[in-house]
Amino acid sequence: MHQPQDSEALDALVKRLPKCELHIHIEGSLEPELMFTLAQRNGVKLPYDSVEALRRAYQFTKLQDFLDIYYQGMSVLITEQDFYDLAWAYLLRAKADNVRHVEMFFDPQGHTSRGVAFGTVVDGLTRAISEARRELGVDAHLIMCFLRHLDEGDAHKTLDEALPHRDKIIGVGLDSSEVGHPPSKFQHVFRRARDAGLFPVAHAGEEGPPQYVWEALDLLGVGRVDHGNRSLEDDSLVARLARERMALTVCPLSNLRLRVVQDLTQHPLRRMMDKGLMVTINSDDPAYFGGYVNQNFNAVGGALKLTREEIVAIVRNSFTASLLPQAAKDAAQAEIDRVLAEQT
Ligand code: ADE
Ligand code: ZN
């Protein structure tokens, strides 16, 4: 009963369970093939000759190595149709992984800084989201992230641009280069965002110290912590996260590819669970890190020898930690019960 799953059983279980994805940067789902298609469509020159050459460049030793290539990659996204195509491709993948609900990050400053209008980005993403709801049965929502390597004034301007589109955005996040850009730098703009009813989240403790997780909680008022790995270095922080049932959106393959962990058998997910933290599993930037959400479950589940009960608990957490209404959360938990009852 509490045995680790063999890889086939793990794969089958993960596939059958309905899931939420709470940490996916839509620009990080831009697959090389689509990047080349859009580059050609828009007359953008990429510094790679082929899809294979581009994939070979995906060798990272730290977050910044990835971010440099990620910002370069998004330069092919220019028209409303491009943002639609990007989001639609991801939502099809989400459907294939039995993801039912997505809270999707996007980086408006990565586009407005290149002269793409905020409305173009949001309209394209929103059109794909509306179609996915109707045609795929996948429900998705947008969380707008501020780029933390830029100053707070730029974030304020971005929030100003977002407010006319308030009905299409459910939350705000904080991403990009972590070390040297603590959450405290963004406390005023997060207050404004919270006052506008936007749900606050932030990347913290991916490469940055536990202090950044404290700041995300105390100064930004976050309702979830994205990554949070380094929280484990601070026992009183762990106690607080456990007491408050604060969700961590953990991204195993991202952590591996960005060398946050050296090996998935060393991934902190096991210790997080042992300490009673509310963990979820997510893909972060699947086109760059080698796997969508189910592949993240399978890779870390295999490496840490997670039991069926542990996998199910993590999947249940994804609904609990989501912004779905309580009735939808209850319905999802009941569906998980039915899937488990059917599975021998
Ligand atoms: N932007 C996209 N992916 C990111 C990550 N893993 N950390 C910080 N910023 C990001
Ligand atoms: Zn992320």
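Within the stretch 60-96, being open to solvent by 50 Å² or more (accessible area, probe 1.4 Å) and within 15 Å of ligand 1 (Cβ to nearest atom) holds for THR61, LYS62, GLN64, ASP68, TYR71, GLN72. Scanning the stretch 304-319 for residues that are away from ligand 2 (no atom under 16 Å from the Cβ), outside any strand (DSSP E or B) and open to solvent by less than 30 Å² (accessible area, probe 1.4 Å) turns up LEU304, LEU306, ILE311, VAL312, ILE314, VAL315, ASN317, PHE319. If you go through the stretch 239-268 and keep only what is open to solvent by less than 10 Å² (accessible area, probe 1.4 Å) and either more than 16 Å from ligand 1 (Cβ to nearest atom) or of a type in the set (Asp, Glu) (or both), you end up with LEU241, ALA247. Filtering the stretch 320-344 to residues that are in contact with a strand residue (DSSP E or B) (Cβ under 9 Å, 6 or more places away or on another chain) and not in a helix (DSSP H, G or I) leaves ALA321, SER322, LEU323, LEU324. Close Cβ contacts (under 6 Å, 6 or more residues apart or on different chains) running from residues in the stretch 222-250 that are closer than 17 Å to ILE24 by Cα to residues that are acidic (Asp, Glu) and within 16 Å of ligand 2 (Cβ to nearest atom) comprise HIS227/GLU206; THR249/ASP226. Residues in the stretch 173-188 that are away from ligand 2 (no atom under 14 Å from the Cβ) and in contact with a helix residue (DSSP H, G or I) (Cβ under 7 Å, 6 or more places away or on another chain): 6 in all.
Taking the stretch 119-157 as the range and being free of Cβ contacts under 8 Å to residues at least 24 places away in the same chain and of a type in the set (Ser, Thr, Tyr) as the test, only SER130 passes. Scanning the stretch 123-147 for residues that are under 16 Å from the mean Cα position of the chain (by Cα), of a type in the set (D, E, K, R) and farther than 16 Å from VAL99 by Cβ yields a count of 0. For the stretch 97-118, the set of residues classified as in contact (Cβ under 8 Å) with a residue 40 or more places away in the chain, of a type outside the set (S, T, N, Q) and open to solvent by 20 Å² or more (accessible area, probe 1.4 Å) consists of ARG100 only. Name the residue that is nearest to ligand 1 (Cβ to nearest atom), counting only residues in the stretch 13-59 that are in contact (Cβ under 8 Å) with a residue 60 or more places away in the chain and open to solvent by 40 Å² or more (accessible area, probe 1.4 Å). Checking each candidate, the answer is GLU31. Screening HIS149 on (1) in contact with a helix residue (DSSP H, G or I) (Cβ under 8 Å, 6 or more places away or on another chain); (2) open to solvent by 50 Å² or more (accessible area, probe 1.4 Å); (3) within 16 Å of ligand 2 (Cβ to nearest atom) shows it passes everything except condition (1). Please tell me if ASN296 is free of Cβ contacts under 8 Å to residues at least 60 places away in the same chain, assigned to a helix (DSSP H, G or I) and either buried (at least 20 other Cβ atoms within 10 Å of the Cβ) or within 16 Å of ligand 2 (Cβ to nearest atom) (or both). Considered against the rule, which asks whether it is free of Cβ contacts under 8 Å to residues at least 60 places away in the same chain, assigned to a helix (DSSP H, G or I) and either buried (at least 20 other Cβ atoms within 10 Å of the Cβ) or within 16 Å of ligand 2 (Cβ to nearest atom) (or both), ASN296 comes out as yes.
The values are calculated or read from the model by the stated rules, or taken from the named source; none is laboratory data. Given the structure is predicted, the values throughout are model-derived calculations rather than measurements. Counting neighbours? That spans all protein chains shown, and the Cβs are built from the backbone with ideal geometry, glycine included. Note: accessible area is taken over every heavy atom of the protein model, side chains too, but ligands, DNA and RNA are not part of it. Shrake-Rupley method; radii C 1.70, N 1.55, O 1.52, S 1.80 Å.
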